[in-house]
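The values are calculated or read from the model by the stated rules, or taken from the named source; none is laboratory data. What you see is a predicted model, and the numbers here were worked out from it, not measured in a lab. Glycine gets a Cβ as well: all are built from the backbone with ideal geometry, and neighbour counts include every protein chain shown.
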Protein chains: 4
Amino acid sequence: MSLGWKWFIEYQTPHSAHMHGIKGVIYSGRSRMQSIDIVDSCEYGKMLILDGKVQSTTRDEHFYHEALVHPTMIAHPRPERILIIGGGEGGTLREVLRHPTVKRAVMVDIDIEVVKNSKTHMPELSRGAFDDDRAELVVGDGRRFVEGCRSRFDVVIVDVTDPLEGGPAQLLYTKEFYEGIKRILGEDGIVVTQATSVYYSAYCFATIYRTVESALGRAGGYQAWIPAYDSMWGFVYGTKGPDPRVLSENEVDDRLVKRGIRDLKFYEGATHRALFTLSKELKTIIKDAAVATDRNPTFMPI
Amino acid sequence: MSLGWKWFIEYQTPHSAHMHGIKGVIYSGRSRMQSIDIVDSCEYGKMLILDGKVQSTTRDEHFYHEALVHPTMIAHPRPERILIIGGGEGGTLREVLRHPTVKRAVMVDIDIEVVKNSKTHMPELSRGAFDDDRAELVVGDGRRFVEGCRSRFDVVIVDVTDPLEGGPAQLLYTKEFYEGIKRILGEDGIVVTQATSVYYSAYCFATIYRTVESALGRAGGYQAWIPAYDSMWGFVYGTKGPDPRVLSENEVDDRLVKRGIRDLKFYEGATHRALFTLSKELKTIIKDAAVATDRNPTFMPI
Amino acid sequence: MSLGWKWFIEYQTPHSAHMHGIKGVIYSGRSRMQSIDIVDSCEYGKMLILDGKVQSTTRDEHFYHEALVHPTMIAHPRPERILIIGGGEGGTLREVLRHPTVKRAVMVDIDIEVVKNSKTHMPELSRGAFDDDRAELVVGDGRRFVEGCRSRFDVVIVDVTDPLEGGPAQLLYTKEFYEGIKRILGEDGIVVTQATSVYYSAYCFATIYRTVESALGRAGGYQAWIPAYDSMWGFVYGTKGPDPRVLSENEVDDRLVKRGIRDLKFYEGATHRALFTLSKELKTIIKDAAVATDRNPTFMPI
Amino acid sequence: MSLGWKWFIEYQTPHSAHMHGIKGVIYSGRSRMQSIDIVDSCEYGKMLILDGKVQSTTRDEHFYHEALVHPTMIAHPRPERILIIGGGEGGTLREVLRHPTVKRAVMVDIDIEVVKNSKTHMPELSRGAFDDDRAELVVGDGRRFVEGCRSRFDVVIVDVTDPLEGGPAQLLYTKEFYEGIKRILGEDGIVVTQATSVYYSAYCFATIYRTVESALGRAGGYQAWIPAYDSMWGFVYGTKGPDPRVLSENEVDDRLVKRGIRDLKFYEGATHRALFTLSKELKTIIKDAAVATDRNPTFMPI
């Protein structure tokens, strides 16, 4: 029988799960924060799994990282100073550094073990980004970093795990956190965050939308299908300057050319336009969503 | 332990599967063609399953049926005569009949058991469509129907199961079949078919694209995320008249208003525009794809 | 792919489970006490499942019912008055009635729905036992029945679900319950109960052993492998008269002949002898086990 | 949710499987013959898995190894020269060496990788047995070794993987193989082999029984429940001298004492007696079974 017998099963809910056949385990360990597994999967190539949730796979990570990084980076006329909160495996940093305008990219991740093991065992993700002179790695808590930070940034990218109930990332999705972000954004600054599934946790997405909007004043949402997340995935941005949504297909393609960014597998002008089309249902849910605060944070329903 | 214990497991490949917790089985039987199951699932509501593959669920079927039907129906200036090949559970017929221009909608499905049991056990799908005076149900083989057909149709919608190797639907995805379709299309006629996953079976999608194009002359593809299919799903159209792709957001919204079509949950002008954005990778695959013929049919890799 | 896609998954622990392919669901419902499912499984024939735990299958139920009933029934010289606590699907009653000495067999089950649906959908289990003139069905709580009972019985057979934490059967495994049983046992009376897995819940088995011993004075344990329970299964008896353990192979075979009992698939003299051999490990665990009381009941570790 | 998410799933048939939660993978590789995995499982401790089938676990291996080795070793009055065919992880060798009569124990395993990795990663299995002066490891094919062998042995123990259709072990279960074994057995020699599940593959067990009997003249079968094999497991012996079946409980216990064998967890005189009790059903199946030959080998039904 040719059937697989080593499986990683990601439970999305107690009654829905994705079974991933795996060829082997490349790394398995526990850091102070979480369990870290890097496996060689049959369908998705290498997979980084934190606390049992798929974070990135070598087969499809470009969907996520290109969708997270480029819409805001392209919208900003001259993104020089970049802050990444989270982003452990280095794919976000890699995409950020494609933009030749970038002078300094600070990445603040709480778990050095994720960074180290991703570099060692999934170098396809960071592709040398950590060795770029412009990159600076800070190991620490993102919330605390933002609160104590005296620098200013043109683009802030929040690339942390989902806001699970009682989980470590919950306070990175509240109004107080985004007020801190607002303070450290430069004049035309833009912040973007991954924002969970627009379908399975639509209300959570909508709350993040409302939360960023309440802190930044202007916000927007977009979505991209991420195969390994089994869902159309949401992203939320807030801006003190340009609004990524209004860029035309041609403007996006022009800027990509001007910045010499080639070889993207997913993102281009036409894709940019399509990303910002939210479904009718979702727009209704956003209307009624609440704002998450430190006292009343949002979380994914599991 | 609150964990589910009745599961339906849909294997996409021998090494990837979706586990669906089910509350109960509503209907389970075998027709001459296939096994038919209608279950009450924990996350997707009622689910129609044919030969172990999810076809429609009450929670998310609007994504599929609206995406399959409306782009071509809206593109055609006056769709009066409609042919549906397949479409057993009646969701496609239901969406077709929303268009007040329709005078006659013929649905040719090979398996009366699917139609009957869907009507009885999942009436949410057809919502009375089979009782509409304009609807006409033919029980029979779609290929044979097309070959013997003397009528002409404005829009033909192919809503059949995936082209599995050796499966019953394979000859509904070949050049010969689409040449038959071309013959029975009216002057401005358009045909559209579901076209498998644009990601997991991208080459199969691309082949369907090339096949329809080779028979009809002009063709196009679009995609929509279908939650229960665990994938961004492909659709391919071929046209003798208008091209759905060139409609602007406003044109689509105008036509919806003029035809009095309200209450769609997914489709509208903005969505129409976004549907037609294929990824860079996919466009490359389409370039190199072959044409499927009766002798060399295409099939999904399983 | 010939692989099954409808599965019943019995979790023994959160980290160990048996996946049973099922062909179809025969009955699925909820009584006031529990969920009741009767499925047609690929490997075990029809399966009765209560609250997600397999109770009986048509393929292997003889192991369980013969092992539960005959060792004590054969040990008692003239079992005329029998009480069964539980025993819903009727297999225990069926085996009891094989003994021609039996004049009256009272079965007290709390869930009439299990009895009714088993009779209708799994008649292979009871094989008409409920229609035997000697059989008497009482629908009610076993504990209360014993406490209010003024009759005397030669053999009492406790055939109820496992003592799960907080579950309905917990008070049928305590010293107080067995003191009640002792009161209603006739002079040479013997009581026997299923006693969970001797391996996966060895301590629970050992506690039942000690509990019955503390109430009855003399007790013993035996075990039989039950395929569908995925384990060597334990049984515990307490006796005011003969001790089943001391019967020789020939004595058992003689009594079976004298009572005209043929056609058993599992039980005979040699098997009787083998049943009473507990492993060295288990005997050690029994030595140290506690007695379960209403205030400190035992339960299976899940 | 505390549920496991790394699973090893052992399919017994396409419609029945055991899901084992695993904490981590200790070793994973491929030898020339097979895939080798050693995992740390939640319920069974370390597990050795060959080609997806569980071979030994640290929690329950004593059932298997004690049942395989001691009944024949105890039956032989003075087992000095021992041959083990297979036995890769060293548990069989370990049990053999407990008998102080043993002067030389030759183990012939085809896969040095299994031996090496078991020694390194599961030293609990061999517990130094490979370093015993009496032990001799031969890497090679068991069938060929027997055919070319000029030594004589008192006890031969066949501890190889199941006879899967087309699998490498099939020719170690045929009449021709056992004729070779007969030739190399000393005057009072006894051979024993694991013989698959007496329940799920009862006919295969019965064939092995008939096959050994046809080659050796006198044979017998016994069974022990092996938790990690999810079944009552069969063993078949053939003898030119004493018959293990006729030993009494006291004789076994006496010999264990005389040989100074203590600390067994499973095997003792009472257990010995119980092992030899086969079920009524099984005895019927044995009656009708065929003999396996090189041209018509037996195999487990999968």
Taking the stretch C:180-206 on its own, how many of its residues are farther than 16 Å from residue C:241 by Cα, part of a helix (DSSP H, G or I) and in contact with a helix residue (DSSP H, G or I) (Cβ under 9 Å, 6 or more places away or on another chain)? 5
Are any residues in the stretch A:239-254 touching a Leu at 6+ places or on another chain (Cβ under 8 Å) and under 21 Å from residue A:224 (Cα atoms), and if so, which ones? A:239
Just a yes or no: is a residue in the stretch A:151-172 within 14 Å of another protein chain (Cβ to nearest Cβ), assigned to a loop (DSSP other than H, G, I, E, B) and in contact with a helix residue (DSSP H, G or I) (Cβ under 7 Å, 6 or more places away or on another chain)? no
Listed residues A:224, A:219; which is within 22 Å of residue B:274 (Cβ to Cβ), small (Gly, Ala, Ser) and within 14 Å of chain B (Cβ to nearest Cβ)? A:224
Conditions (1) under 22 Å from residue A:282 (Cβ atoms); (2) surrounded by fewer than 21 Cβ atoms within 10 Å (Cβ to Cβ) -> residue A:204 fails only (2)
Do you know which residues across the stretch B:201-235 are charged (D, E, K, R) and at positive phi? B:230
Where residues in the stretch D:207-225 are in contact with a Leu (Cβ under 7 Å, 6 or more places away or on another chain) and not small (Gly, Ala, Ser), which of them is nearest to residue D:244 (Cα to Cα)? D:222
Might you let me know whether the stretch C:126-146 holds any residue that is within 27 Å of residue C:188 (Cα to Cα), of a type in the set (Val, Ile, Thr) and crowded, with 19+ Cβ neighbours inside 10 Å? yes
Scanning the stretch A:264-302 for residues that are hydroxyl-bearing (Ser, Thr, Tyr) and modelled with pLDDT under 90 gives A:279, A:298
Regarding the stretch D:83-90, can at least one residue be identified that is modelled with pLDDT under 95, touching a Gly at 6+ places or on another chain (Cβ under 6 Å) and surrounded by 22 or more Cβ atoms within 10 Å (Cβ to Cβ)? no
Output yes when any residue across the stretch C:233-254 is within 14 Å of another protein chain (Cβ to nearest Cβ) and within 19 Å of residue C:162 (Cα to Cα), and no when none is. yes
If I filter the stretch A:271-286 for residues that are away from chain B (no Cβ under 11 Å), closer than 22 Å to residue A:78 by Cβ and in contact with a Pro (Cβ under 7 Å, 6 or more places away or on another chain), do I get at least one hit? no
For residue D:17: the one exception among (1) within 29 Å of residue D:112 (Cβ to Cβ); (2) facing another protein chain (nearest Cβ under 7 Å): (1)
Pull up the stretch A:119-145, narrow it to residues that are in contact with a Leu (Cβ under 8 Å, 6 or more places away or on another chain) and among the hydrophobic types (A, V, I, L, M, F, W, C), then point me to the one that is nearest to residue A:239 (Cα to Cα). A:135
Per the filter on the stretch C:256-268, residues surrounded by fewer than 19 Cβ atoms within 10 Å (Cβ to Cβ), closer than 20 Å to residue C:65 by Cβ and more than 8 Å from every other protein chain (Cβ to nearest Cβ) are C:259, C:260, C:261, C:262, C:263
Scanning for something more than 20 Å from residue C:195 (Cα to Cα), buried (at least 17 other Cβ atoms within 10 Å of the Cβ) and at pLDDT 95 or above, does the stretch C:64-79 turn up at least one residue? yes
Considering residues of the stretch C:1-14 that are part of a strand (DSSP E or B) and touching an Asp or Glu at 6+ places or on another chain (Cβ under 9 Å) only, the residue farthest from the other protein chains (Cβ to nearest Cβ): C:12
Could you grab me the full set of residues in the stretch A:234-253 that are of a type in the set (Val, Ile, Thr), more than 13 Å from residue A:216 (Cβ to Cβ) and touching a helix residue (DSSP H, G or I) at 6+ places or on another chain (Cβ under 8 Å)? A:252
Could you tell me how many of the residues in the stretch D:26-55 are closer than 30 Å to residue C:42 by Cβ, without any contact (Cβ under 8 Å) to a residue 60 or more places away in the chain and either in a strand (DSSP E or B) or more than 8 Å from chain C (Cβ to nearest Cβ) (or both)? 6
Selection count, the stretch A:88-114, where residues are more than 17 Å from residue A:190 (Cα to Cα), in contact with a Leu (Cβ under 9 Å, 6 or more places away or on another chain) and either of a type outside the set (Lys, Arg) or without any contact (Cβ under 8 Å) to a residue 60 or more places away in the chain (or both): 10
Somewhere in the stretch C:106-118, is a residue at pLDDT 95 or above and more than 27 Å from residue C:26 (Cα to Cα)? yes
How many residues, within the stretch C:207-244, are farther than 16 Å from residue C:67 by Cβ and part of a strand (DSSP E or B)? 3
Go through the stretch D:128-141 and report how many residues are under 21 Å from residue D:32 (Cβ atoms), of a type outside the set (Gly, Ala, Ser) and not in a helix (DSSP H, G or I). 4
May I ask you to verify whether residue A:33 is surrounded by fewer than 24 Cβ atoms within 10 Å (Cβ to Cβ) and outside the structural domain of residue A:116 (by TED's automatic domain parsing)? yes
